[in-house]
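Beneath this line is the structure, given in structure tokens, with notes to follow.
The values are calculated or read from the model by the stated rules, or taken from the named source; none is laboratory data. Fair warning: this is a prediction, and the values are worked out from it, not measured in the lab. Ideal geometry is used to build each Cβ from the backbone, glycine not excepted, and the neighbour counts take in all protein chains shown. Ligands, DNA and RNA are excluded from the accessible area calculation, which covers all protein heavy atoms including side chains. Shrake-Rupley method; radii C 1.70, N 1.55, O 1.52, S 1.80 Å.
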Protein chains: 2
Amino acid sequence: MPASQSLDSFDRAILAILQKDNTTPQRVIGEAVNLSAPAVQRRIKRMEETGIIRANVVLVDPAKVGHPITLFVEVEVESERAELIDAAKRSFVAVPEVQQCYYVTGDADFILVVTVATMADYEALTRRLFFENNNVKRFRTFVAMDRVKVGLEVPLG
Amino acid sequence: MPASQSLDSFDRAILAILQKDNTTPQRVIGEAVNLSAPAVQRRIKRMEETGIIRANVVLVDPAKVGHPITLFVEVEVESERAELIDAAKRSFVAVPEVQQCYYVTGDADFILVVTVATMADYEALTRRLFFENNNVKRFRTFVAMDRVKVGLEVPLG
DNA sequence: ATCTGATTGCAAGTTTGTTTCGTCTGGATG
DNA sequence: CATCCAGACGAAACAAACTTGCAATCAGAT
């Protein structure tokens with residue numbers, strides 16, 4: 001009973017479908033998981049309310065809208081004082097070209113995924129984000145030659 | 001005319017909305033961009049056919065479905081012979097826990113984004129993917145402490 | 001000036017999503 | 001052991017959204 005529990009096997013089956021294609025009609029989902037359309041609809045609504053489903057979005061091919069370059073950047077900071085880390089987070093989040101930003105353990109402090117139109121744009125971005133930030137000690141860039149697999153799908157097993 | 005060109009400013013405005021919420025009714029989109037609902041619908045359809053829109057999906061909160069750990073892995077291979085690289089790509093793509101996989105230039109050859117339930121699961125994964133693959137020379141793991149910004153949104157400006 | 005091809009808005013038709021309502025199940029309580 | 005209650009279900013009615021056909025419009029080329 002998915003009332004108190006957050007996920008049962010119906011929910012997982014529904015999520016698996018929606019992670020592939022959220023335009024799938026509820027009736028079709030219902031047939032796939034052996035539930036009526038209203039039941040499917042109620043479960044989706046609850047998962048949205050509880051934050052299991054964070055968003056409904058389209059995935060855009062970056063190359064086809066003028067952003068053919070994807071980059072990874074490892075950023076190392078000078079000081080890990082909380083307020084400086086927070087400031088760094090805010091500055092990264094604010095930049096649309098930064099698709100993803102993670103605060104990590106290891107040899108680096110941040111890992112960024114960046115999408116740009118040209119390397120000149122990236123050069124300008126590094127100036128703004130890294131060279132003008134005194135707390136950035138070092139950064140290392142990887143250029144993606146092949147986006148072998150790109151998605152945010154979470155396995156549900 | 002968006003016939004031969006792939007993107008005009010209407011398309012970009014529509015995409016910007018859909019990248020945030022693809023459940024937005026076409027009528028509402030139409031009001032926002034000053035177009036009728038059918039016009040919006042035809043443009044969306046064309047962008048889907050031409051591959052500008054790659055997919056319609058829900059984004060799931062990994063922590064809430066039992067995958068609280070996100071990892072980055074830099075993988076360096078022994079040989080960059082094409083067939084070995086392709087084999088590596090296939091092996092990474094086949095694993096559901098590998099959300100993203102990029103073939104990159106720089107000190108590493110691949111960068112993976114991995115989502116798992118426990119570190120034990122990750123340990124098992126490294127065994128399968130890296131230790132049992134003779135072509136993997138070295139790999140380096142970063143553990144995400146904070147998913148500061150996660151998305152696949154492409155800036156449209 | 002005219003023609004062509006593409007795009008638009010409107011309106012009708014169709015599909016999909018949503019709400020309502022009565023029923024059923026499982027678990028806790030007396 | 002019977003009763004009660006909360007939560008979830010399906011069927012049907014309802015509302016909203018999507019889709020299509022058609023005539024009108026606009027831009028560029030002849």
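Worth a mention:
- Total residues in segment B:28-47, condition basic (Lys, Arg) and away from DNA strand D (no atom under 11 Å from the Cβ): 1
- Residues within segment A:116-146 that are within 11 Å of A:PHE72 (Cβ to Cβ) and either in contact with a Cys (Cβ under 6 Å, 6 or more places away or on another chain) or of a type in the set (Ser, Thr, Tyr) (or both), tallied: 1
- Residue in segment A:73-91 that is within 15 Å of DNA strand C (Cβ to nearest atom) and more than 7 Å from chain B (Cβ to nearest Cβ) present: no
- Of all residues making up segment B:9-54, the number that are near DNA strand C (Cβ under 8 Å from one of its atoms) and at negative phi: 12
- Complete set of residues in segment B:95-110 that are of a type in the set (Val, Ile, Thr) and over 23 Å from B:ASP61 (Cβ atoms): B:VAL104, B:THR105
- Within segment B:48-80, the set of residues being without any contact (Cβ under 8 Å) to a residue 40 or more places away in the chain, open to solvent by less than 40 Å² (accessible area, probe 1.4 Å) and not in a strand (DSSP E or B) comprises B:GLY51, B:ASP61, B:VAL65.
- Whether a residue is surrounded by fewer than 18 Cβ atoms within 10 Å (Cβ to Cβ) and either more than 7 Å from chain B (Cβ to nearest Cβ) or without any contact (Cβ under 8 Å) to a residue 12 or more places away in the chain (or both) was assessed, and A:PHE131 passes this test.
- Pairs where the first residue, in segment A:83-105, is of a type in the set (S, T, N, Q) and the second is open to solvent by 50 Å² or more (accessible area, probe 1.4 Å), C-beta under 9 Å, 6+ apart: A:SER91/A:ARG128; A:GLN99/B:GLU153; A:GLN100/B:ARG147; A:THR105/B:MET145
- Any chance A:GLU83 is more than 11 Å from DNA strand D (Cβ to nearest atom) and part of a helix (DSSP H, G or I): yes
- Residue within segment B:91-100 that is within 16 Å of DNA strand D (Cβ to nearest atom), modelled with pLDDT of 95 or more and open to solvent by less than 30 Å² (accessible area, probe 1.4 Å) present: no
- Some residue of segment A:136-156 being open to solvent by 80 Å² or more (accessible area, probe 1.4 Å) and modelled with pLDDT under 95: no
- Residue satisfying all of: in segment A:1-27; exposed (fewer than 14 other Cβ atoms within 10 Å of the Cβ) and over 21 Å from the mean Cα position of the chain (by Cα); nearest to DNA strand D (Cβ to nearest atom) among these: A:ALA3
- The residue pairs whose first member lies in segment B:10-29 and is more than 10 Å from chain A (Cβ to nearest Cβ), whose second member is within 11 Å of DNA strand D (Cβ to nearest atom) and of a type in the set (A, V, I, L, M, F, W, C), and whose beta carbons are closer than 6 Å, counting only pairs six or more residues apart or on different chains, are B:GLN26/B:ALA37; B:GLN26/B:VAL40; B:ARG27/B:ALA37; B:ILE29/B:VAL40.
- Breaking point among (1) in a loop (DSSP other than H, G, I, E, B); (2) more than 17 Å from the chain's Cα centre (by Cα), for A:ARG140: (1)
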